[in-house]
1. Take the residues in segment 78-93 that are out of contact with any Ser or Thr (no Cβ under 7 Å at 6 or more places or on another chain) and either outside the structural domain of Leu148 (by TED's automatic domain parsing) or surrounded by 15 or more Cβ atoms within 10 Å (Cβ to Cβ) (or both), then tell me which one is modelled with the highest pLDDT.
2. Report, by residue number, each residue of segment 110-146 that is without any contact (Cβ under 8 Å) to a residue 40 or more places away in the chain and in contact with a Phe, Trp or Tyr (Cβ under 9 Å, 6 or more places away or on another chain).
3. If I ask for residues that are under 19 Å from Ser143 (Cβ atoms) and part of a loop (DSSP other than H, G, I, E, B), which ones from segment 16-28 would you list?
4. Got a number for residues in segment 105-115 being buried (at least 19 other Cβ atoms within 10 Å of the Cβ) and at pLDDT 85 or above?
5. From (1) at pLDDT below 85; (2) under 30 Å from Val17 (Cβ atoms); (3) in contact with a Gly (Cβ under 8 Å, 6 or more places away or on another chain), pick out the condition that doesn't hold for Glu118.
6. Could you tell me which of the residues Gly65, Gly96 is more than 22 Å from Glu144 (Cβ to Cβ) and at pLDDT below 80?
Amino acid sequence: MSYALVVCPSCKTPKGVEVGHKSTRCNGCGKRLSMESLRVVARCASIEQLQAALLQFNARRAGGGATDLLPAQRVPASTPPPRDMESILARLPTGGGQSAKLDAIARGLTRLHGSFDEEQFALAAASAGISDRTARTQLTALSERGLLVEAPRGRFRVV
């Protein structure tokens, strides 16, 4: 089985698809997309290659490419919660629910640290009154939608 990394022409969200399907639905805008009209960014022989291609595509789209993922920019897992937690909490949207707040928390942690781990995310969410379980579930959802890049394993950053 082979895979392709395609990009939605409407919202520019990348998506991995199995080659051979006639259409797919965009994870970003929900639009039904004909495979014939999509730009193929990469062709891959395995899921692992597709994940690597998506990671590289998102890093380039964010403006840095693979150099953004160098060890020197990583924050050690033992890093305490950000001293600027108030600045993250101050930027949380008042409407939009928990999902919008958790997205803003991820962006704030990326802005402050360059990357963050699951514990830092859960701690920031708890400061905003969001349960640990909800925070961890949303972290997985953000990653699956391609809004977060996980590199190295266990460290996340918004793209």
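1. First, pick out the residues of segment 78-93 that are out of contact with any Ser or Thr (no Cβ under 7 Å at 6 or more places or on another chain): 78-84, 86-88, 90-93.
Remaining after also requiring either outside the structural domain of Leu148 (by TED's automatic domain parsing) or surrounded by 15 or more Cβ atoms within 10 Å (Cβ to Cβ) (or both): 81-82, 88, 92.
On the way: Pro81: 47, Pro82: 46, Ile88: 81, Leu92: 84.
So, considering only residues that are out of contact with any Ser or Thr (no Cβ under 7 Å at 6 or more places or on another chain) and either outside the structural domain of Leu148 (by TED's automatic domain parsing) or surrounded by 15 or more Cβ atoms within 10 Å (Cβ to Cβ) (or both), the one modelled with the highest pLDDT is Leu92.
2. Those that are without any contact (Cβ under 8 Å) to a residue 40 or more places away in the chain and in contact with a Phe, Trp or Tyr (Cβ under 9 Å, 6 or more places away or on another chain): Glu118, Phe121, Ala135, Arg136, Leu139, Ser143.
3. Hits for segment 16-28 are Cys26, Asn27, Gly28.
4. 4
5. (1)
6. Among Gly65, Gly96, only Gly65 is more than 22 Å from Glu144 (Cβ to Cβ) and at pLDDT below 80.
The values are calculated or read from the model by the stated rules, or taken from the named source; none is laboratory data. Keep in mind that what you see is a predicted model, and the values were worked out from it rather than measured. Cβ: placed from backbone, ideal geometry, glycine included. Neighbour counts: every protein chain shown.
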